[in-house]
Each structure stands twice: as structure tokens, then as C-alpha cells.
Amino acid sequence: MTTTFPTSLIDRFGRKVDYLRISITDRCDFRCVYCMAEEMTFLPRDQILSLEEIYLLAKTFVELGVTKIRITGGEPLVRKGALDLLQNIGALAGLQELVMTTNGSQLLTAAPILKAANVKRINISLDTLDPQKFKAITRTGDLQQVLNGIDAAINVGFDRIKLNAVILKNRNHDEVGDLVQFAIEKEIDISFIEEMPLGIVDKHDRADAYYSSDLIRVDLAKRFTLIQSTQKTGGPSDYYVIPNTKTRVGFISPHSHNFCSTCNRVRLTVEGRLLLCLGNEHSIDLKEIIRAPNVTSDTIKQVIIDSMEIKPEKHEFNVKEQPVILRYMNMTGG
Ligand code: SAM
Ligand code: SF4
């Protein structure tokens, strides 16, 4: 007898979950100060999902009504086989949007392959336009390589490209106007992100570095006209348009604004944990489920449906105290 499953995932607060973010690796060629410690121990291979397991779970979620998947990491493009995985996920019937977040370091060669794999939009991290500051923030990154990657992505013609900039006081807060001007010239979008207290990072005091979206907006208003857009994403972004440009400016403010009531997303960590909320530890170990002997696709589906019962109502973040969340962003998928 075949079981009939619902075609959408609804949590106990009535929120429809149709967006899955997947971290496909915890590894990265950069060591951004807000994301990683300088010395990182990465997970052994058997603790992370294989590419086949990631594909199986992506397919299952799409069968349960997920229409948008974001591939992230770590740096997704450093995982061997990432491009084939993207191609396979991009071909899933029912998936409307495959998108990706990358640091841009590999985009010069990867951009055309991603476009062919049906990736619709990409987010590229860029916190500064100053090569020295770029090196200081990323510890290992090369600004020119990322700028070349951004140009390559523009040339292949994704539906949308968005820059993500994490703004830290006294490191890059004075560059917000220049970053917006860069986005305007490239005819792409940009979002500013407040730092989130995920994992313990060294040599960097989060409370001192906190620079709010409200302050960024005040700084930008001196140079640009920002008109608030009515567009809602179900996520922590507020969007503004700049008249006579193609650029939208987003503000991702987990501290200042409450967006949880419209949350439509869950995350699959690199270890195969289904994380129901970025700011809480509520999760299900899907790796254990899919690796159990004789597991059926019905069992996996039922576990995912049941997990909606523990999706928390809202997140808890506090930059002034030690992180309540000990995961690093690279495991979770930002
Ligand atoms: N490596 C890719 C990249 O940098 O775009 C994808 C993964 S990265 C974890 C995803 C996003 O999370 C990046 O835009 C990064 O700037 C952001 N991020 C990392 N750690 C963060 C933190 N503690 N608070 C806020 N944003 C963070
Ligand atoms: Fe790597 Fe992205 Fe984290 Fe920077 S933010 S260390 S690029 S995973």
C-alpha cells in the first residue's frame, strides 16, 4: 500500500516551509573573522553527508513542497563534485528556484557551469573594496580574484546577482556608500548583514563590532535616495530601491527586527541535521535516519513532516553575551 503525503510542509504556527538551505561543506578557502576562527578543525568525511545523500534529501524536500533551494557552506564551490550536485538538484521536477551563496573565489571558472546547471540567482560575499582590508577580514582571500568572479557572474547573465556585506564597526562601516556605488555601477543588488553571534570567534569582539542596519541606512541616506520596497521575502531582509538605478539595497537585521512570523525556511547542515531555526538548536538528525538499515523513502518523508512540530516560534540572539548558539555559520549555511 502506498502512503499519500501532503504536498506542502506546514508548521504548528501555520507557516508554510517551502525554502531549504543546504550547507554542502564546512570547508572554505577563506577564514572570515566573523565566521571562523583562524585555526579550524573541519569535520571528517564520514560525518558529513555524501553528495548522494544531499541529493536524496533535496529530492525528498521538493516532493514535500519545497520550491526553492539555496546551496551554501562553507564555500560550496570548494567541495569536489559540487557542480554535478548542483546540476542534479537543478533538474529536480517541482523545484522552481535553485540559488547559491558563494565567496566568489572560484566564480571565474564556475559561473558558466552554474548557469548551465539552472542556478537562477547567486549571492556573492563582498565586505570591502580595499585589498588590504579584504585580506584582513577574510584572512586568506584575494580581492581581485573575487572581483573577477563577480564580473564573470555578470557576464553569464544570472536572473539576479546580489552582494552580501557583513558590516563591522571600525573595519568596513565607512565603506557602505562605496559598496552601494559599486553595486549601482555593476547593476546588481546588495544586502548589508548585521553580524550574528554564531560560534566563538577569536581576536574579534562582537559587541564592539556591532553596527546596526539603522546606522547603515542613516549613512547611506547622506549619499543616496532609498525608497522602501513593499516586497517581502519571508526572511530577515528589508528592501529599498534607489531611483533611476537597477540596484536594490537590502538590510538583514536579525537583531533589530522581528521577521520570524513569516519564516518559510529550514536548513540542512553539513552533518545532516535539519535545523528548524537559525537562532535555536531545535533539530532532527536526518543523517541518522537516512543511514539506518532498510530505511524507506516514506519513513524519511514522515520524519520531515513531523519535524515541523518542533520549528520554534522565534529566534534568540544576543551579541552582548557569549553565543547561545555554538555552531559556526559555515556548518549551518548562512
Ligand atoms: N562562503 C560563502 C560566502 O561567504 O558567501 C557561503 C557561506 S557564508 C557562511 C554565507 C553568508 O554568511 C556570507 O554572506 C557571510 O558573510 C555570512 N556570515 C558568516 N558568518 C556570519 C556571522 N557570524 N554573522 C552574519 N553573517 C555571517
Ligand atoms: Fe568562508 Fe563564507 Fe565563512 Fe567567509 S563567510 S569564512 S567565505 S564560509
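The values are calculated or read from the model by the stated rules, or taken from the named source; none is laboratory data. None of the values given here were measured: they were computed from a predicted structure. Counting neighbours? That spans all protein chains shown, and the Cβs are built from the backbone with ideal geometry, glycine included. SASA here: full protein model, heavy atoms, side chains in, ligands and nucleic acids out. Shrake-Rupley method; radii C 1.70, N 1.55, O 1.52, S 1.80 Å.
Given their separation in residues at 0.36 nm each and the Cα-Cα distance between them, N170 and A207 gain 12.1 nm when the chain is fully extended.
Across the stretch 9-332, the relative contact order, built from alpha-carbon pairs under 8 Å that are at least six residues apart, equals 22 percent.
Once the Cα atoms are used to define both axes, helix 51-63 deviates from the longest principal axis of the chain by about 80 degrees. How far is the Cα center of the stretch 258-310 from the Cα center of the stretch 49-91, in Å? For the stretch 258-310 versus the stretch 49-91, the Cα centre distance is 15 Å. Among the listed pairs K133/K287; K68/K246; K246/K287; K120/K314, those whose Cα-Cα separation exceeds 31 Å are K133/K287; K246/K287. Here T41 sits with roughly 130 square angstrom of accessible surface, probe radius 1.4 Å. I'd like the Kirkwood hydrodynamic radius of the stretch 9-332, using the inverse of the mean 1/r over distinct C-alpha pairs, in Å. 20.1 Å is the Kirkwood radius here.
Using alpha carbons only, how many degrees (0 to 90, rounded to 10) separate the axis of helix 143-156 from the longest principal axis of the chain? So the helix axis and the longest Cα principal axis differ by about 60 degrees. Helix 297-307 and the longest principal axis of the C-alpha atoms of the chain enclose an angle of approximately 50°.
Per-residue packing, averaged as other Cβ atoms within 10 Å, sorts the ranges 11-17, 260-266 into the order 260-266, 11-17, beginning with the highest. Protection proxy ranking for 183-196, 19-32, using the average of other Cβ atoms within 10 Å per residue and placing the highest first: 19-32, 183-196. Per-residue extension of 0.36 nm, minus the Cα-Cα distance of I305 and E52, leaves a gain of 88.9 nm for this segment.
So if I place +1 on the C-beta of Lys and Arg and -1 on the C-beta of Asp and Glu, and nothing else carries charge, what would the dipole magnitude of the stretch 9-332 be about its Cα centre? I want it in debye, nearest 20.
Numbers: 41 positive and 42 negative charges, 119 e Å.
Here the size comes out at about 580 debye.
What whole-number distance in Å separates the alpha-carbon centres of the stretch 152-184 and the stretch 15-36? For the stretch 152-184 versus the stretch 15-36, the Cα centre distance is 19 Å.
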